[in-house]
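What follows is one structure encoded as structure tokens, with my remarks underneath.
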Amino acid sequence: MLKWMTSGESHGQALTAIIEGLPSNLEIDVEEIDRYLLLRQGGYGRGARQKIESDHIRILSGVRNRYTLGSPVCLMVENKDYKNWEEYMSPYGADVTARRLTRVRPGHADLTGVIKYDQTDARNILERASARETAVRVAAGTVARMFLRELGIEVRGYVRSVAGISDDKEYTFAQLKDVKDSELFMPDSNLCERAKAEIDAIKEAKDTAGGIIEIRVQGLKSGFGSCMSYDEKLDGHLAGAVMGIQAIKGVEIGLGFEAAKRRGSAVHDEIYNENGKFVRRTNRAGGIEGGMSNGEEIVLRAAMKPIPTLMRGLNTVNFDTGDACRAATERSDVCSVCACEIIVESTVCFALAQKVLQRLGGDNMREIKERYAVLAE
Ligand code: EPS
């Protein structure tokens, strides 16, 4: 079973991810990992922290001469900001009074975390709840992307809606190739400009913005996931993985919530025999039927809420005194939907690689490619 685990605090020394269960002889392109790390740091509406960080991956184990060994792979991203925080964050003795956070932010993990972990400082919660952790998830997800690519499976994505500016058009997989050149990962440049203006206005109002991300997967053959065991369904697995990303409040596959409003005849994809090949002419199911991939493109959408750290502050209480106050205003992003898009893509890559390896087994890439090649489309 392919597994991953991350560690690291937002202002700690570094973030790490350990991937266990990768086959041997997978070629690792370090530059590609760095490219995705850079994409995750960008996008219109990011805050000042990203000027401090310049994320690069360091591979600590599991790879020799660019190829995986089959042993656990440990990936590390350093926090450059740690040098400014060492005094408050050092594991060996730190000033825990100076950066104390008590004016808990509505929508953040702060208050519930303080109660659950019996803390007197929400910093001990927010440091880990922070989306900074996703840097190493992107790195590990990019390793999974390389694995999938070896089998002919490609994952792309774009921003479909941001700050309330939505794109309802449908795009082919090919049309999404260069979408990361857009400042908001939006294929329609007019909508992108409108969304940028909206983000500017939201920043002016000291508020934050969310959005909707669409991920597409091409080349996944049919039969991944299961209709036999409910906890092995592909849609459940993908949705669970994506819901595990900070700030995600909803996931849909194919038509998703829209399917509930339509008649069955306008929801299900009819099946035809075209010269001996069974085909569907629509893909409203988003490539998953009965919890299994059906060979069509996987279409998954995720809704990201606006970041809960608002520069204007929301009404809250100070848990020290119980008094009403405005929430703490840590330095923050106005909009990080582009970062989230990269994180969702990377997470989908990892979750798919898990399902692929679960079905195929195999210890080395040759074995796995041979097994994939003989499967039905
Ligand atoms: C975050 C707050 C900001 C973001 C951070 C997530 O950090 P800081 O408080 O240091 O300004 O920039 O995201 C990242 C550092 C990152 O690399 O994505 C939060 O509270 O979640």
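Residue-wise HN-Hα couplings along the stretch 301-313, as the Karplus relation 6.51 cos²θ - 1.76 cosθ + 1.60 with θ = phi - 60° gives them from phi, are 10, 10, 9, 9, 6, x, 4, x, 8, 9, 5, 7, x Hz; Gly and Pro carry x. Computed over protein heavy atoms with a 1.4 Å probe, the carbon and sulfur contribution to the accessible area of the stretch 1-91 reaches 50%. Of all lysines in the structure, the ones whose alpha carbon falls short of 29 Å from that of residue 203, not counting any fewer than 8 places away in one chain, are 51, 80, 83, 169, 180, 249, 305. Among the protein heavy atoms of the stretch 241-377, carbon and sulfur supply 50% of the accessible surface, probe 1.4 Å, non-protein parts ignored.
For residue 177, the aspartates and glutamates whose Cα falls under 16 Å of its own Cα, not counting residues fewer than eight places away in the same chain, are 32, 154, 188, 214, 297, 341, 345. In summary, the convex hull built on the alpha carbon positions of the stretch 26-167 has an orientation-averaged projected area of 12.1 nm².
The spread of Cα positions in the stretch 214-337, taken along each principal axis and listed from longest to shortest, comes to 72, 28, 26 Å. Run the Debye formula on the Cα coordinates of the stretch 264-377, all scatterers equal and no solvent, and tell me log10 I(q)/I(0) at q = 0.17 1/Å. Result of the Debye calculation: -1.00. Between 70, 303, 6, the Cα set farthest toward the positive side of the dipole of the chain (charges on each charged residue's Cβ, about the Cα centre) is that of 303.
Taking a sphere under 10 Å around the Cβ of residue 250 and counting the other residues whose Cβ falls inside, with K and R at +1 and D and E at -1, yields a net charge of +2. Distance from the Cα centroid of the stretch 250-271 to that of the stretch 1-68 is 36 Å (rounded to whole angstrom).
Taking the longest Cα principal axis of the chain as reference, the axis of helix 30-41 is set at about 60 degrees.
Spherically averaged projected area of the convex hull of Cα atoms, the chain: 20.9 nm². For residue 157, the amide hydrogen comes within under 5 Å of the amide hydrogens of 216, counting only partners 5 or more places away or on other chains and with H modelled in the peptide plane.
Here the contact order of the stretch 246-377, divided by its residue count and restricted to Cα pairs under 8 Å and six or more residues apart, works out to 19 percent. For the stretch 321-336, backbone phi angles converted through the Karplus equation (6.51, -1.76, 1.60; θ = phi - 60°) give residue-by-residue couplings of 9, x, 6, 5, 7, 9, 5, 4, 10, 5, 3, 8, 7, 7, 8, 10 Hz, Gly and Pro being listed as x. Annotation: per residue accessible area for the chain equals 48 Å², rounded to a whole number [probe 1.4 Å, protein chains only]. Each 10 Å bin, from zero up to the one with the longest distance, holds this percent of the alpha carbon pairs of the stretch 101-163: 18, 28, 24, 21, 8, 0. Summing charges over neighbours of residue 369, with a neighbour being any other residue whose Cβ is under 12 Å away from its Cβ, gives 0 when K and R count +1 and D and E count -1. If you average the C-alpha positions of the stretch 134-195 and of the stretch 113-127 separately, how far apart do those two centres end up, in angstrom? If you average the Cα positions of each part, the centres end up 34 Å apart. Close amide H partners of residue 325, meaning residues 5 or more places away or on another chain with modelled amide H under 5 Å apart, are 316, 317, 318. Using alpha carbons only, the radius of gyration of the stretch 1-64 set against its Kirkwood radius gives Rg/Rh = 1.01.
When each of the peptides 184-190, 115-121 is scored by how many other beta carbons lie within 10 Å of its residues on average, the order from highest to lowest is 184-190, 115-121.
Computed 3J(HN,Hα) for the stretch 369-377, one whole-Hz value per residue from the Karplus formula 6.51 cos²θ - 1.76 cosθ + 1.60 where θ = phi - 60°, is 5, 4, 5, 5, 4, 8, 6, 5, 4, glycine and proline marked x. Report, to the nearest 10°, how far helix 134-150 tilts away from the longest principal axis of the Cα atoms in the chain, using its own Cα long axis and a range of 0 to 90°. That helix lies at roughly 10 degrees to the long axis. How would the stretch 175-232 be classified by its alpha-carbon gyration tensor: rounded, prolate or oblate, with rounded meaning a/c under 1.5 and the a/b versus b/c comparison settling the rest? In terms of gyration-tensor shape, oblate. Scanning residues 5 or more positions from residue 224 or on other chains, those with amide H under 5 Å from its amide H are 293, with H placed 1.01 Å from N in the peptide plane.
Computed over the chain, relative contact order equals 23 percent, with contacts defined as Cα pairs under 8 Å that lie 6+ residues apart. Run the helix sum for the chain: -39,500 (n - 2.57) per DSSP H stretch of 4+ residues, divided by residue count, reported at 222 nm to the nearest 500 deg cm²/dmol. Result for the chain: -9500 deg cm²/dmol, rounded to the nearest 500. Ordering 326-336, 209-219, 76-86 by mean Cβ neighbour count within 10 Å, with the highest value first, yields 209-219, 326-336, 76-86.
Within 10 Å, Cβ to Cβ, of residue 289, how many net charges do the neighbouring residues add up to if Lys/Arg are +1 and Asp/Glu are -1? Local net charge: -2. Summarising the label geometry, the points placed 7 Å from Cα in the beta-carbon direction at residue 172 and residue 323 lie 6.4 nm from one another.
Each peptide in 241-247, 270-276 was scored by the mean count of other Cβ atoms within 10 Å over its residues; highest first, the order is 241-247, 270-276.
The values are calculated or read from the model by the stated rules, or taken from the named source; none is laboratory data. These numbers come from a predicted model, not from an experiment. Ideal geometry is used to build each Cβ from the backbone, glycine not excepted, and the neighbour counts take in all protein chains shown. For the accessible areas, the whole protein counts, side chains as well, though only heavy atoms, and no ligand, DNA or RNA atoms are used. Shrake-Rupley method; radii C 1.70, N 1.55, O 1.52, S 1.80 Å.
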